[in-house]
1. So ALA345 clears everything in (1) open to solvent by 40 Å² or more (accessible area, probe 1.4 Å); (2) in a helix (DSSP H, G or I) except one condition, right? Which one?
2. For the range 1-101, which fully contained helices (runs of 4 or more DSSP H) count at least 1 residues that are among the hydroxyl-bearing types (Ser, Thr, Tyr)?
3. Of all residues in the range 372-400, count the ones that are touching a Gly at 6+ places or on another chain (Cβ under 9 Å) and either of a type in the set (A, V, I, L, M) or in contact (Cβ under 8 Å) with a residue 12 or more places away in the chain (or both).
4. Please verify whether ALA267 is surrounded by 22 or more Cβ atoms within 10 Å (Cβ to Cβ) and farther than 15 Å from ILE330 by Cβ, treating the condition exactly as stated.
5. Which one of GLN156, GLN178 is within 29 Å of PRO337 (Cα to Cα), in contact (Cβ under 8 Å) with a residue 24 or more places away in the chain and outside any loop (DSSP other than H, G, I, E, B)?
6. Within the range 242-273, can you find the residues that are under 23 Å from the mean Cα position of the chain (by Cα) and not in a strand (DSSP E or B)?
7. For the structure I just gave you, tell me whether ALA131 is open to solvent by less than 20 Å² (accessible area, probe 1.4 Å), closer than 19 Å to VAL61 by Cα and without any contact (Cβ under 8 Å) to a residue 60 or more places away in the chain.
8. Do we find that ALA369 is touching a residue at least 60 places away in the same chain (Cβ under 8 Å), among the small types (Gly, Ala, Ser), assigned to a helix (DSSP H, G or I) and surrounded by fewer than 23 Cβ atoms within 10 Å (Cβ to Cβ) in this structure?
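The values are calculated or read from the model by the stated rules, or taken from the named source; none is laboratory data. Computed from a predicted model, the values in this text were never measured in an experiment. Positions of Cβ are backbone-derived with ideal geometry, glycine not excepted, and every protein chain shown enters the neighbour counts. We work out accessible area using only protein heavy atoms, side chains counted, and drop any ligands, DNA or RNA first. Shrake-Rupley method; radii C 1.70, N 1.55, O 1.52, S 1.80 Å.
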Amino acid sequence: MHRTLPAILFGAFDRHNFGDMLFPHVIAALLGDKHLRFAGLAERDLSVNGGHHVMRLQQHVESLRESPYKIVHVGGEVLSCSAWEAAVMLLPAAEAMEVAIRLDGDHDAQLSWARACLGTDALVPYAVSRAQYPDAAEVIYHAVGGADLVARHPAQRDEVMAKLSLADVVSVRDATTQAHLHNAGIVARLLPDPAVMVAELLGTQILAYARDGEAAKLQALFPAGYVAVQFSSEFDDDASLDTMATQLKRLGAKTGYGVVFFRAGAAPWHDDLQAYRRIMAQMTVPQTYIVTTLQLWDICAVIASSKLYIGSSLHGRILAMAYALPRLNIRHATHSPYGKQWSYAHTWEMAGMPGVVTLDGIHTAALQALAVEPYRMRQTAADLASAYRRGFALDFASRR
């Protein structure tokens with residue numbers, strides 16, 4: 001990439017979601033470029049929580065009207081994110097709930113409302129093409145995901161494929177997405193998620209928070225260690241919380257580790273603090289704690305300082321992989337077992353490390369994860385970082 005050519009990093013880092021907020025930090029650290037701009041579908045300043053001040057993509061494009069630029073889609077499940085989902089997740093929680101209830105089941109009304117909110121007719125707004133931005137010198141899709149793209153509405157899939165067919169570079173983070181694109185005639189390179197680089201590139205910053213932030217408090221509270229646990233709002237039902245609490249209590253009793261709950265995202269449909277408080281009421285063992293901070297680096301430090309990660313967040317898993325820690329993802333019993341978490345683990349995870357389990361399998365899977373040899377986890381972390389660096393060099397090589 002020409003260092004003098006402005007690059008607009010475009011993605012869902014305009015809302016509070018752990019993984020999305022990490023992506024621009026990784027790319028900026030690797031590029032070392034002073035000409036980067038950070039764009040989403042809405043203007044948001046997430047710098048107070050460790051993110052970026054993000055402008056709307058159109059604002060950046062208009063400011064660069066007389067200059068060539070590149071648009072880089074940076075990570076995330078952007079190929080499967082519909083206009084309705086994108087618009088709701090950009091709302092405050094209370095407004096999102098009201099809109100979701102009011103328009104529930106009315107697809108046409110949802111789409112009309114979303115288009116009005118976002119100012120675009122796109123069905124998949126976090127994906128753009130040269131047809132929309134003909135002045136762009138390059139359009140790059142870097143390590144993006146779309147594991148459930150095949151299950152989406154045909155019009156949505158067609159739009160994604162049309163946009164990707166005009167892209168200069170397409171790379172994806174899991175083999176499921178790669179297969180979907182291959183079947184549509186789109187050639188996509190496979191490389192790990194950018195977050196595999198977090199320990200190597202951003203470790204100094206995370207270590208500072210481990211020493212002075214929430215993680216330092218946790219290490220004092222739980223000298224034997226703790227399990228970092230996270231779950232999204234889809235698990236906020238009595239049966240799920242009861243099962244999870246039972247499994248975590250068994251795990252704590254077996255290992256002597258504390259149980260620390262934390263949120264990996266505060267945007268709508270992500271993690272709900274009230275659900276965490278509800279499960280805390282069922283955790284009768286004394287060694288439990290809720291981390292309430294939404295500071296990105298505190299979240300990283302909480303995971304990096306743990307003995308084991310358990311959660312629904314894909315990037316909770318990927319950060320644990322980067323730090324060579326045991327990990328496992330959870331899914332709701334009523335949901336498909338083949339989501340983005342399974343797809344990523346199936347593509348990149350080491351033999352013997354659990355992938356995605358239902359809640360009643362937490363205890364058994366956690367003990368399996370804890371039994372994996374540390375040297376093998378360190379080797380996997382190093383291999384993923386090397387694979388990502390190679391893919392990054394190809395995606396960002398100068399072509400124009």
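1. The one condition ALA345 does not meet is (1).
2. Those helices (runs of 4 or more DSSP H) span 57-63.
3. 2
4. Criteria not met by ALA267.
5. Values: GLN178 fails: in contact (Cβ under 8 Å) with a residue 24 or more places away in the chain.
On inspection, the qualifying residue turns out to be GLN156.
6. MET244, PHE262, ARG263, ALA264, ALA266, ALA267, PRO268, TRP269, HIS270, ASP271, ASP272, LEU273, listed by residue number.
7. Spelling it out, it is not the case that ALA131 is open to solvent by less than 20 Å² (accessible area, probe 1.4 Å), closer than 19 Å to VAL61 by Cα and without any contact (Cβ under 8 Å) to a residue 60 or more places away in the chain.
8. Numbers: touching a residue at least 60 places away in the same chain (Cβ under 8 Å): yes; among the small types (Gly, Ala, Ser): yes; assigned to a helix (DSSP H, G or I): yes; surrounded by fewer than 23 Cβ atoms within 10 Å (Cβ to Cβ): yes.
For ALA369, the condition - touching a residue at least 60 places away in the same chain (Cβ under 8 Å), among the small types (Gly, Ala, Ser), assigned to a helix (DSSP H, G or I) and surrounded by fewer than 23 Cβ atoms within 10 Å (Cβ to Cβ) - is met.
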